[in-house]
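Q: Provided herewith is a single structure, encoded as structure tokens, for subsequent inquiry.
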Amino acid sequence: MKYSVALAFLLTVSTLQAALFAANDTAKVRCVYSGTDGNCVEPALGSTQQLVITVFGQGVAPSVTASPAQAYALAKRAALADGYRQIAERIRGVHVEGQDSVKNMMLQRSTVRTSVDAMVRGANVMDTTFKDGLCEVELEIVLSYSQFSH
């Protein structure tokens, strides 16, 4: 586990260092990712740039709660967890495992498992909306080259 984390960190740093020479140096690069549309271009992060990642996490209130305040609090917590997961996926990537079972040239069973392992620090809640039991939270995180070059 320790070796895989160290290897991932070294690969991230080397990728960012390689991007330093290929990137256009503008003030900020925006990457908007909602998890539903998947439209996000992977920009290169230069030494004078900041990468702003915005995600929209969604959470649903449970059907049985003691009060509307509890329903709101639980839906907001679920939306925050979804937003943090989306940020972690964008920064660290997603590990995907798949397995297919074939018998007589026919697919019998197909399983796919995904996981992400990351520490998200410094994400800001930009907006929170709650309507019809659905809470949507807009989270934003600003990344800079110096955060990865240590």
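Q: Ordered by packing density, taken as the mean number of other Cβ atoms within 10 Å over each peptide's residues, highest first, how do 69-76, 135-142 rank?
A: On the way: 69-76: 16.1, 135-142: 19.8.
Per-residue Cβ counts within 10 Å, averaged per peptide and sorted highest first, yield 135-142, 69-76.
Q: Oh, and also: List the trypsin sites (Lys or Arg not before Pro) within the stretch 93-132 that fall in a DSSP loop (any state other than H, G, I, E or B) and whose Cβ has at most 15 other Cβ atoms within 10 Å. Walk me through the numbers on the way to the answer.
A: Details: sites: K103, R109, R113, R121, K131; in loops: R121.
Of the trypsin sites (Lys or Arg not before Pro), the ones in loops of the stretch 93-132 whose Cβ has at most 15 other Cβ atoms within 10 Å are R121.
Q: Shape verdict for the stretch 41-150, please, from the Cα gyration tensor: rounded (a/c under 1.5), prolate (a/b greater than b/c) or oblate.
A: Numbers: a/c = 2.92, a/b = 1.06, b/c = 2.76.
It is oblate, given that a/c is not under 1.5 and a/b is not larger than b/c.
Values in this text are rule-based calculations from the coordinates and carry no lab data. These figures come from a predicted structure and were not determined experimentally. Glycine gets a Cβ as well: all are built from the backbone with ideal geometry, and neighbour counts include every protein chain shown.
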